[in-house]
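To start, the structure under review is shown below, and the notes come after it.
The values are calculated or read from the model by the stated rules, or taken from the named source; none is laboratory data. Predicted model, so just to flag it, every value in this text is computed and none were measured. Quick reminder, even Gly has a Cβ in these numbers, built from the backbone with ideal geometry, and neighbours come from all protein chains shown. Ligands, DNA and RNA are stripped out before the accessible areas are found, and what is left, the full protein with its side chains, is counted by its heavy atoms. Shrake-Rupley method; radii C 1.70, N 1.55, O 1.52, S 1.80 Å.
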Amino acid sequence: MNTTKTKALGSQPKNTLGIYCHIPFCKKKCAYCDFTSLSAQSEERIGEYFDALEKEIRRHKEINGVLPAVDTIYLGGGTPSSIAPGYIEKTLSLIKEVFVIEDTAEITIEINPGTLTEEKASRYKKAGINRISMGLQAWQDFLLQILGRIHSQSDFIKSMEILKNVGFSNISVDVMVGLPGQKRSDVMATLIALMSFAPTHLSCYSLILEPGTPMANWVAAGQLNLPDEDEEREMHWAVDAFLKEQGYDHYEISSYCKPGYQSRHNIKYWELVPYLGFGLGAHGYFNSRRYGNTNALSQYIDVIKAGESPATLEAEMTPREMMSEWMFLGLRKLCGIRDSDFFARFGQSYWNRYGEVIKPLIADGLLNWDGSFLKLTPKGQDFGNQVFMAFL
Ligand code: SF4
């Protein structure tokens, strides 16, 4: 039995906890990336990072004592598969030592093609990892080169073969639309090629140009051209139609899955379920507080060595902030949000709190109310940010 199958959205067990661990190392920085990721770090520096990570995890436990059982663990990056597998094993066994982990916990690792070997994959499996999230982005090598990815199409195929040989069956793949030089036919070719690997989950992201990245500079200098907004939206809707035809459920604005294979960990983010974030730049939500760690590696290591918290942002959320987040994060789910769930959590109807926000969004065709769920319409998906901002 696949232990990572999920219950319906909106039914997260209330008294469980997710853990996110950030592993910020990559072989090389991609041209569009502004994530907390570092390339060319020495083995010694990586070792120091994991020592600090261990201390941060133990420190949290000392401060907070008994915590709810953990039912999702997510090792994200960066590229966790770019470092020696011993670090991954050590981190997972530490988490298992410090926390109570449910037998059916979903344990995900992010990997990138070009960094996975059979040995790493089998050690991940032995360590209890049961879900893989792999960054393909595009099938065409010319697009991978524009993105500055280290991998090629054949690296992806090799990684998929390794994963299947080792026995991983719950595999999510990331793809991107709206890339410079990308045509709708390239996107479709990517999806058609992917179907032969039968991924259980796909995340489809639109390229966002982040200021200061090489790609943003190339576009600003006219060296690269992006598809226009209409073309980008056409790509999105072509993906949507194709994946639905192939039996995928569009369950979150960027996420598709085969029935029962939603990302249980990511659902926690959209349903305001507590999770702890450990590592460089990691964020957490726990005891009605949001916190975010420093993005600076030296500061992270030094502060933890000194026995202090690496959080540079920490705030108790007000009920008003919680309601607002519950609305705009929850509306990312395509099934929408239920007034009775809002009432159970906040003791009032969302019509009472947000009626004057919701009604114009419905009138503009961005939201739909079916009598129990409020959800994004197709137009609302195209203008998601406008909808989400309205609840801030
Ligand atoms: S692999 Fe991902 S995290 Fe690493 S540099 Fe590329 S986009 Fe950034």
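Take A105 and tell me if it is surrounded by 16 or more Cβ atoms within 10 Å (Cβ to Cβ), of a type in the set (A, V, I, L, M, F, W, C), more than 16 Å from the ligand (Cβ to nearest atom) and closer than 25 Å to G292 by Cβ. It is true that A105 is surrounded by 16 or more Cβ atoms within 10 Å (Cβ to Cβ), of a type in the set (A, V, I, L, M, F, W, C), more than 16 Å from the ligand (Cβ to nearest atom) and closer than 25 Å to G292 by Cβ. Screening the candidates S81, S37 for the property of being open to solvent by 10 Å² or more (accessible area, probe 1.4 Å) and either polar (S, T, N, Q) or more than 30 Å from I146 (Cα to Cα) (or both) yields one hit, S37. F286 meets all of the listed conditions (1) open to solvent by 50 Å² or more (accessible area, probe 1.4 Å); (2) at pLDDT below 95 but one, namely (1). Of the residues making up the stretch 371-382, those that are over 16 Å from K333 (Cβ atoms) and either within 29 Å of the chain's Cα centre (by Cα) or surrounded by 14 or more Cβ atoms within 10 Å (Cβ to Cβ) (or both) number 2. Scanning the stretch 159-172 for residues that are β-branched (V, I, T) and either part of a strand (DSSP E or B) or open to solvent by less than 10 Å² (accessible area, probe 1.4 Å) (or both) returns a single hit, I171.
Yes or no, residue by residue, for (1) among the acidic types (D, E); (2) within 30 Å of A315 (Cα to Cα):
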{"position": "Y205", "(1), (2)": "no, yes"}
{"position": "A221", "(1), (2)": "no, no"}
{"position": "E229", "(1), (2)": "yes, no"}
{"position": "M235", "(1), (2)": "no, no"}
{"position": "K244", "(1), (2)": "no, no"}
{"position": "G260", "(1), (2)": "no, no"}
{"position": "W270", "(1), (2)": "no, yes"}
{"position": "G279", "(1), (2)": "no, yes"}
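Residues of the stretch 118-172 that are in contact (Cβ under 8 Å) with a residue 40 or more places away in the chain, hydrophobic (A, V, I, L, M, F, W, C) and in contact with a Gly (Cβ under 8 Å, 6 or more places away or on another chain): L143, I146, I150. Residue count for the stretch 347-365 satisfying the condition of being crowded, with 16+ Cβ neighbours inside 10 Å and under 23 Å from V273 (Cβ atoms): 3. Taking the listed residues F142, F156, the one that is open to solvent by less than 50 Å² (accessible area, probe 1.4 Å) and either more than 27 Å from N385 (Cβ to Cβ) or not hydroxyl-bearing (S, T, Y) (or both) is F156, with no other qualifying.
Has the stretch 179-197 got at least one residue that is within 21 Å of Q246 (Cβ to Cβ), surrounded by 18 or more Cβ atoms within 10 Å (Cβ to Cβ) and within 16 Å of the ligand (Cβ to nearest atom)? No, the stretch 179-197 contains no residue that is within 21 Å of Q246 (Cβ to Cβ), surrounded by 18 or more Cβ atoms within 10 Å (Cβ to Cβ) and within 16 Å of the ligand (Cβ to nearest atom). In the set (1) within 16 Å of the ligand (Cβ to nearest atom); (2) touching a Phe, Trp or Tyr at 6+ places or on another chain (Cβ under 9 Å); (3) closer than 29 Å to Q262 by Cα, the condition left unmet by I46 is number (3).
The sole residue among N385, N293, N368 that is open to solvent by 30 Å² or more (accessible area, probe 1.4 Å) and either under 30 Å from C21 (Cα atoms) or aliphatic (A, V, I, L, M) (or both) is N385.
Only one of the listed residues (E62, E56) is modelled with pLDDT of 95 or more, over 30 Å from H151 (Cβ atoms) and either open to solvent by 40 Å² or more (accessible area, probe 1.4 Å) or assigned by TED's automatic domain parsing to the domain that holds T117 (or both). That residue is E56.
Is it the case, given these coordinates, that V303 is at pLDDT 95 or above and over 24 Å from I132 (Cα atoms)? Answer is yes for this residue. Scanning the stretch 314-339 for residues that are over 23 Å from R289 (Cβ atoms) and open to solvent by 70 Å² or more (accessible area, probe 1.4 Å) gives a single hit, R338.
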